[in-house]
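Here, each number is a calculation from the coordinates, and none is a lab measurement. None of these values were measured; they are calculated from a predicted model. Neighbour counts run over all protein chains shown; Cβ positions are idealised from the backbone, glycine included.
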Amino acid sequence: MICIIDYGIGNLSSIKNMFKHIGIRNVIISSDKDEILKSKKIVLPGVGAFDNGMHHLQKYCLIEVLHYKALTEKVPFLGICLGMQLMTKGSEEGELPGLGWFDAHTVKFDKMDRLKVPHMGWNHIKSYEKQNYFLKKEKKYRFYFVHSYFVECADRNNVMFTTNYGGIEFHSAIKKDNIIGMQFHPEKSLHFGMDILEKFAEL
């Protein structure tokens, strides 16, 4: 069973519908700790501000159970957009500490000439892995982004994809053991996103 974490923010139904579209039926949306504990895979979505995201995780009393699933049980765990940023140590956007699963921080795009913030729309990715499990060789992948902040990993071994925006090569997907973060929205990225979610379901 795949559990999409409901903590009051995020595109929950659209992610579930995308799983359904690719034939993955055993997917729930829940904030119930017992259901989360029974789940074999976890998706942490999210949109909006960093501190608001952490505040909602605290409000729903979910931090402890998410730590357990990610770090002790080591189930496949996917963070999307803000969900990825919450896996870092913290953000320039706020003051609260993040989950701290990556040696990484969330930083804001510089307002350079001709660089619009937020970064919004379709953009390509570059894989750091020669044989990337999530990508099919015959496709040139692009995904849908909406974000003003991005993740900087201290350990380059944790970087899975990068994306160029306005001359900034930022880390658009990260991976550490069973934990994966993606800045883009696979649920809004048509067949490119379907490939990603299908592969995640197979983990």
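As a check on your grasp of the helix formula, calculate [θ] at 222 nm for the chain: sum -39500 (n - 2.57) over DSSP H runs of n ≥ 4, divide by the residue count, round to the nearest 500.
About -6500 deg cm²/dmol.
Can you give me the Cα centroid spacing of segment 74-120 and segment 26-47 in angstrom?
Measuring centre to centre over Cα atoms gives 21 Å.
Would you work out which of LEU115, MET182, PHE143 lies farthest towards the positive end of the dipole of the chain, given +1 charges on the beta-carbon of Lys and Arg and -1 on that of Asp and Glu, about the Cα centre?
Highest projection toward the positive end goes to PHE143.
Please work out, to two decimal places, the log10 of the ratio I(q)/I(0) at q = 0.10, 0.13, 0.22 Å⁻¹ from a Debye calculation in which every Cα of segment 1-101 carries one identical scatterer.
Those come out to -0.24, -0.41, -1.16, one per q.
Given an 8 Å cut-off on Cα distances and at least 6 residues of separation, report the relative contact order of the chain as a percent.
Rounded, it is 20 percent for the chain.
For the chain, how big is the tail of P(r) above 25 Å, as a whole percent of Cα pairs?
Considering the chain, 31 percent of its Cα-Cα pairs are separated by more than 25 Å.
Listed highest first by mean packing, meaning other Cβ atoms within 10 Å per residue, what order do 55-61, 104-110, 193-199 come in?
Final packing ranking: 193-199, 104-110, 55-61.
Where nothing but the Cβ of Lys and Arg (+1) and of Asp and Glu (-1) is charged, how large is the charge dipole of segment 70-185 around its Cα centre, in debye to the nearest 20?
Once rounded to the nearest 20, the dipole reads 620 debye.
Give LYS40/LYS116; LYS20/LYS175; LYS59/LYS116; LYS116/LYS140; LYS41/LYS89 a once-over and call out the pairs whose C-alpha atoms are over 31 Å from each other.
Correct reply: LYS40/LYS116; LYS59/LYS116.
Treating only the Cβ atoms of Lys and Arg (+1) and Asp and Glu (-1) as charged, compute the dipole magnitude of the chain about its Cα centre; round to the nearest 20 debye.
Here the chain has a charge dipole of around 760 debye.
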